[in-house]
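Working notes for the structure below.
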Amino acid sequence: MEILMCIVAGLLFAAAVYLMLSKSLLRIIIGTGLLSHGTHLMLLTMGGLKTGAVPVLGENAASYTDPIPQALILTAIVISFGVTAVFLVIAYRAYQELGTDNMDQMRGMETDD
Amino acid sequence: MKTNDVIFQTVAKIVFFMIIFFAIHLFFAGHYYPGGGFVGGLLTSGAIVLLLLAFDMKTVRRGFPVDFKWLTALGLLFSVGTAAGSLIFNVPFFTHAYDYFQLPLFGKTSLHTAMLFDLGVYLVVIGVTMTIIQTIGESE
Amino acid sequence: MSLLHWAILAPFIMAVFVPFLRKKAASIHTGWFVLILPVVLFSTFLQYFPVTMNNGSVSETAAWIPSLGIDFTAYVDGLSLLFVLLITGIGALVVLYSIFYLSKTKESLHHFYVYLLMFMGAMLGVVLSDNVITLYMFWEFTSISSFLLIAYWYDRDRSRYGALKSMLITVFGGLMMLGGFLVLSIMGNTFSIRELAAQAPELNDHPLFLLAMILVLLGAFTKSAQFPFYIWLPDAMEAPTPVSAYLHSATMVKAGIYLVARFSPIFAFSGYWFWIVGAVGLFTMAWASFNAVKQTDLKGILAFSTVSQLGLIMSLLGIGAASLHFDALDDNIYTAAVIAAVFHLINHATFKGSLFMVVGIIDHETGTRDIRKLGGLMSLMPITFTLSVIGAFSMAGLPPFNGFLSKEMFLLSMIQLMELNLFNVESWALLFPVLAWVGSVFTFIYSMMIVFKVFTGKFQPEKLDKKPHEAPLGMLISPIVLALLVVVFGLFPNLLSYSLIQPAAAAIVPSIIPPGEQLYVNIYFWHGITPELLMTIGVIIVGLLLYKWLPKWMGVYDYFPGKVTLNHFYNASLYAAERGSNSITNAYMTGFIRSYLVYIFAFFIAALGFTMWAKEAFTFDASAAAPINFYEVALVLVLIAATLTILFAKSRLTSIISLGAVGYTVSLFFVIFRAPDLALTQLVIETVSTALFLLCFYHLPKLSRHEERRRFQVGNAIIAAGVGMIVTLIGISAHSSKFFDSINAYYIENTYTKAGGENMVNVILVDFRGFDTLFEIAVLSVAALGIYGLIKLRLEKGGETNENE
């Protein structure tokens, strides 16, 4: 299972990177979203899958799943939500101001001093 | 353009309260069962978002006359305050304390300073989510 | 947390309330509220006198980061008490003065007093900290508040320039000092100054000793404006005059002196210390006094004079180090230098403080500080004139003021150096008294300039913006108090001897004082016809002559061309640094986001791929893997299908929905993999994000697939595939080789016993790793504010922000 999940995470990463390298703003944002999904799955896999009970002591189990990756992921999920929101708004404001979503045309101005 | 979706609105009103109660339950259960400030806060804002979809920005704003930016700040203050509060008792920053109390109605209950911290998280999450959605929703 | 800690924190706490006081009680000058604090602190600290007078000390510790050995230890001994009284005492007078100096209606007082209180707290922290890390923290706080105060009138170019300059130089020094502290803590294995001092002999032989000393001295020299770092202080005079009086003459610039004094027990036995501190101080003293004479701005003169006087104290501390090499206390003539340093420190605070306030009054009442425009003010401002005479004569070293006494002690110490046969002083011995004497002559000249160029000569009303008259009484109180102290300390110096000077000096050279004994401090006027008295008389005669012929030899200064000054060097190097980094940045910052991402991902592939290949890190071992069942395979297929749909989607709605599908599938994975918290959170987040995407939907562009050149597309695909491969390989290797047990056992065991919870994930979030969560919600709030700003605050054409609400 872990091997399979590693491959899945790798696929998500590849798709995410491909999207992020494209020129369209929206695709870049979707790419970052995919990237965080891939990361979360990867992190969870690293803790070992299905090795014990749900990490709640009330379960009275002999062994529990590793709670640390879960705590990390929980933080990461919420943060990636914030990141996505900021990206979305930047994209929408940029589109509003510049009238384009093509990254080539959005190239920053040369500023000297 | 305003469509007349009475059924959706009525259902939304009822479901809203169900979600809110579930969210609060999740928040309080957090220390012992799955749940906590993050999920609780997100679910609460999810409920408000539901109302947003059913009604419109203005109605919801009238229903919740809260500046969510203030809510965010309040939540942060709660969290930092809880963490810094430990300094007064001459223990390192972020030392939590807890004890068990016999409360009327609830029976044996454990009270945590961690819960206060989590309350801060809860408020920040609601504040942040709603600030984001409200700002985007209101902009034309 | 003890009373001492609260005393340090009190100004910070007070600072929080200042804006409210300004708003709610606008009719009362905010300064009146602020004034209470230094007065209360001053009287609070008086209670430590009985302790320090017997060479005792008080120390209180509060845990801060105990795991790193960093505690918030407040420590009061003679030296820190002296500084605390200076900080709070002068602080009270300066606040009182500022009430009349700064207009209640025109100035943004809330900013001013917030910064001032921040500074006061930081300065108390510096002098009361025993832990070097806390000391460093407060030290940088003083730099920051100084920066803010210099730039108080931030719409002036000169203010911003001066603020930046002081910040760059003092923060540079501060960082060097931090390095020195870290080296020291590595050598002595402690962060506590007292513990370091206790092992001074061992540290002395350590190979890193010299490095630590130089780094710490860099901090002290930049802060105390020693050569060649003094250039920031004259530009710092752009700050309001109360600030100059407080920070840039009486307290903050003395933090460097404090540092040298505080670290003397650790470093002073070394010959390097004697030479570096002594020589730099003395040269600064002579050089700055020479430069002060050519200034035309009154505050410019005072700035250079402050640099010079700081150099004087610094050199005394350096020379005082020689006392450690003599055992007998009674005939140890070099302790006199340490005593002189402490005495002059007090004197300088009194006379320079009053002089700054006098200059502030002149500026306030005439509208200029240019000595070419001023003159003949004696009859118009008689009280101010008297005050300036007292301050300037004391600075020049004339009797019967306190400056005379400490100046005599300074000259005496320099003369005594000729008898020292240590550290190869013999060959240079004559240079010390000569430099000291030359510096004193110029000190005399500029002191006279301050008095006579302004108050005598021709009155030139046509050059002044205002009609000058005597200052209001309130503004005069503070300088009068200080001038009175100048006279009182001059006439009765032994008021200070056993109360302040002796305990402070003892803290600088503790090792030569046998237990149970005390340093003998007795300061008196008449020593008979001594060499130092003759030197003073020489200073007066030569100084008077030179002052009279000033116009004739002013040409000397033209021999110093502008190109070789330190200021020119500072400006040029700043400019070069800006240009240099600009051109380097422009070389690789193409402005295309794709380039940046390619840098990142290519590096990712190369670095990790190379490591894996070079270290032969790839392993494959599926024996520990969990079994795969039907649902999981189905989910994986759904996930892959959704991902592919995103890649090939033609419409934005399809992409958004497919992204949602990926998210929900991931949350199902969380369910299967026994992570209920995650599953819940992911479900809700996915719902809210989809709502967010839909909200933005109408504002977002159509999903146009821009014409991309084949070459680019292939390149993108290769990089993407590479990243995916590397991630997979690392994942498999990490899973296949477990070198050590997971740390999760700790959390599983202690969740109930230590944190009283049962849901481990939540307990980790709010308790064990609460810091992460705290910062996370802070980041979230920043994100929300950022979004709010992006949408609500629109940058108008003129570059002004405008809130459309």
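The values are calculated or read from the model by the stated rules, or taken from the named source; none is laboratory data. From a predicted model like this one, the values you see are computed outputs, not experimental measurements. As a convention, Cβ positions derive from the backbone with ideal geometry for all residues, glycine included, and neighbour counts pool all protein chains shown. Just the protein is used for accessible areas: all its heavy atoms, side chains included, with ligands, DNA and RNA removed. Shrake-Rupley method; radii C 1.70, N 1.55, O 1.52, S 1.80 Å.
Let me confirm something: among C:GLU365, C:GLU408, which residue is touching a Pro at 6+ places or on another chain (Cβ under 8 Å) and at pLDDT 85 or above? Give the steps one after another, and end with the answer.
On the way: C:GLU408 fails: touching a Pro at 6+ places or on another chain (Cβ under 8 Å).
Just one listed residue meets the conditions, C:GLU365.
Mind checking whether some residue in the stretch C:5-26 is closer than 23 Å to C:VAL521 by Cβ, among the β-branched types (Val, Ile, Thr) and touching a helix residue (DSSP H, G or I) at 6+ places or on another chain (Cβ under 6 Å)? Show your work before the answer.
Going residue by residue through the stretch C:5-26, those that are closer than 23 Å to C:VAL521 by Cβ are none.
Checked against the condition, which is being closer than 23 Å to C:VAL521 by Cβ, among the β-branched types (Val, Ile, Thr) and touching a helix residue (DSSP H, G or I) at 6+ places or on another chain (Cβ under 6 Å), the stretch C:5-26 yields no hits at all.
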Any chance you could count how many residues in the stretch C:607-636 are open to solvent by less than 90 Å² (accessible area, probe 1.4 Å), within 27 Å of A:LEU4 (Cβ to Cβ) and modelled with pLDDT of 85 or more?
10
Identify all residues within the stretch C:630-640 that are more than 7 Å from chain A (Cβ to nearest Cβ) and within 18 Å of A:ALA9 (Cα to Cα); write none if there are none.
C:TYR631, C:VAL633, C:ALA634, C:LEU635, C:LEU637, C:VAL638
Contact list please: Cβ distance under 6 Å, first residue in the stretch C:293-307 and outside the structural domain of C:LEU247 (by TED's automatic domain parsing), second residue acidic (Asp, Glu), pairs at least six apart or on different chains.
C:THR296/C:ASP370
Can you tell me which residues in the stretch C:601-652 are more than 18 Å from C:ILE672 (Cβ to Cβ) and either among the β-branched types (Val, Ile, Thr) or outside the structural domain of C:LEU729 (by TED's automatic domain parsing) (or both)?
C:ILE605, C:THR611, C:THR619, C:THR643, C:THR645, C:ILE646
Any chance you could count how many residues in the stretch B:69-92 are in a helix (DSSP H, G or I) and more than 8 Å from chain C (Cβ to nearest Cβ)?
10
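Let's see how each residue does on (1) more than 7 Å from chain C (Cβ to nearest Cβ); (2) in contact (Cβ under 8 Å) with a residue 24 or more places away in the chain; (3) touching a helix residue (DSSP H, G or I) at 6+ places or on another chain (Cβ under 7 Å); (4) surrounded by fewer than 24 Cβ atoms within 10 Å (Cβ to Cβ):
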position: A:TYR18; (1), (2), (3), (4): no, no, yes, yes
position: A:LEU21; (1), (2), (3), (4): no, no, yes, no
position: A:LEU34; (1), (2), (3), (4): no, no, yes, no
position: A:GLY48; (1), (2), (3), (4): yes, yes, no, yes
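Residues are listed down the side, and each one gets a yes or a no for (1) among the aliphatic types (A, V, I, L, M); (2) surrounded by 21 or more Cβ atoms within 10 Å (Cβ to Cβ):
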| site | (1), (2) |
| --- | --- |
| C:ILE646 | yes, yes |
| C:ARG652 | no, no |
| C:SER658 | no, yes |
| C:ALA661 | yes, no |
| C:PHE669 | no, yes |
Can you work out which of the residues in the stretch A:50-62 that are modelled with pLDDT under 80 and within 18 Å of C:ASP741 (Cβ to Cβ) is least open to solvent (accessible area, probe 1.4 Å)?
A:GLY52
Read through the list (1) surrounded by fewer than 19 Cβ atoms within 10 Å (Cβ to Cβ); (2) closer than 23 Å to C:GLU776 by Cα, then give the number of the only condition that B:THR44 fails.
(1)
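So, in the stretch C:752-784, how many residues would count as being of a type in the set (S, T, N, Q) and over 25 Å from A:ILE79 (Cα atoms)? Steps first, please.
From the stretch C:752-784, those of a type in the set (S, T, N, Q) are C:753, C:759, C:762, C:773, C:781; that's our starting set.
Checking the rest, the ones that are also over 25 Å from A:ILE79 (Cα atoms) come to C:753.
Total meeting the criteria: 1.
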Given the conditions (1) more than 30 Å from A:GLU2 (Cβ to Cβ); (2) more than 10 Å from every other protein chain (Cβ to nearest Cβ); (3) open to solvent by less than 90 Å² (accessible area, probe 1.4 Å); (4) more than 38 Å from the chain's Cα centre (by Cα), which single one is not true for C:ALA602?
(1)
In the stretch C:1-27, the residues that are outside any helix (DSSP H, G or I) and either among the aliphatic types (A, V, I, L, M) or modelled with pLDDT of 90 or more (or both)
C:MET1, C:ALA25, C:ALA26
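Assigned by TED's automatic domain parsing to the domain that holds C:PRO11, touching a residue at least 60 places away in the same chain (Cβ under 8 Å) and open to solvent by less than 10 Å² (accessible area, probe 1.4 Å): which single residue out of C:LEU93, C:LEU82, C:LEU86 fits that description?
Details: C:LEU93 fails: open to solvent by less than 10 Å² (accessible area, probe 1.4 Å); C:LEU86 fails: open to solvent by less than 10 Å² (accessible area, probe 1.4 Å).
Only one candidate passes the filter, namely C:LEU82.
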Can you tell me which residue in the stretch A:58-82 is farthest from the chain's Cα centre (by Cα), limited to those that are more than 7 Å from chain C (Cβ to nearest Cβ) and part of a helix (DSSP H, G or I)?
A:GLU59
Kindly list, by first and then second residue, each pair from a residue in the stretch C:175-202 that is touching a residue at least 60 places away in the same chain (Cβ under 8 Å) and not assigned by TED's automatic domain parsing to the domain that holds C:ASN131 to a residue that is surrounded by fewer than 16 Cβ atoms within 10 Å (Cβ to Cβ) and not small (Gly, Ala, Ser), limited to pairs with Cβ atoms under 8 Å and residues at least 6 apart or on different chains.
none
Being facing another protein chain (nearest Cβ under 8 Å), touching a residue at least 12 places away in the same chain (Cβ under 8 Å) and crowded, with 18+ Cβ neighbours inside 10 Å, is that true of even one residue in the stretch B:2-25?
no
Could you go through the stretch C:336-350 and let me know if any residue there is crowded, with 24+ Cβ neighbours inside 10 Å and under 28 Å from C:PRO461 (Cβ atoms).
no
Taking the criterion of being open to solvent by less than 10 Å² (accessible area, probe 1.4 Å), hydrophobic (A, V, I, L, M, F, W, C) and farther than 15 Å from C:VAL509 by Cα, would at least one residue in the stretch C:265-273 satisfy it?
no
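Quick one: which helices (runs of 4 or more DSSP H) lie wholly within the stretch C:742-795 and hold at least 2 residues that are under 36 Å from the mean Cα position of the chain (by Cα), within 18 Å of B:THR82 (Cα to Cα) and facing chain A (nearest Cβ under 7 Å)? Quick ask: steps written out before the conclusion?
Numbers: elements: C:744-753, C:760-763, C:770-792.
In the stretch C:742-795, C:770-792 are the helices (runs of 4 or more DSSP H) which contain 2 or more residues that are under 36 Å from the mean Cα position of the chain (by Cα), within 18 Å of B:THR82 (Cα to Cα) and facing chain A (nearest Cβ under 7 Å).
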Residues located in the stretch C:13-70, provided they are β-branched (Val, Ile, Thr), open to solvent by 30 Å² or more (accessible area, probe 1.4 Å) and under 29 Å from the mean Cα position of the chain (by Cα)
C:ILE13, C:VAL16, C:ILE36, C:VAL39, C:VAL40, C:THR44, C:VAL58, C:THR61, C:ILE65
Of the residues that make up the stretch C:516-523, is at least one touching a helix residue (DSSP H, G or I) at 6+ places or on another chain (Cβ under 6 Å) and assigned to a helix (DSSP H, G or I)?
no
Tally up the residues in the stretch A:84-95 that are open to solvent by 20 Å² or more (accessible area, probe 1.4 Å) and at the interface with chain C (Cβ under 7 Å from one of its Cβ atoms), please.
5
Scan the stretch C:121-128 and give yes if some residue there is closer than 30 Å to C:TYR498 by Cβ, modelled with pLDDT of 90 or more, open to solvent by less than 10 Å² (accessible area, probe 1.4 Å) and among the β-branched types (Val, Ile, Thr), otherwise no.
yes
Checking C:GLY474 against (1) of a type outside the set (Ser, Thr, Tyr); (2) closer than 30 Å to C:VAL293 by Cβ; (3) surrounded by fewer than 14 Cβ atoms within 10 Å (Cβ to Cβ), which test does it fail?
(2)
Pairing a residue in the stretch B:37-66 that is farther than 14 Å from B:ILE126 by Cα with any residue that is open to solvent by 10 Å² or more (accessible area, probe 1.4 Å) and of a type in the set (Gly, Ala, Ser), where Cβ atoms lie under 8 Å and the two sit 6 or more apart in sequence or on different chains, gives B:LEU51/B:GLY63; B:LEU52/B:GLY137; B:LEU52/C:ALA691; B:LEU53/C:ALA691; B:MET57/B:GLY137
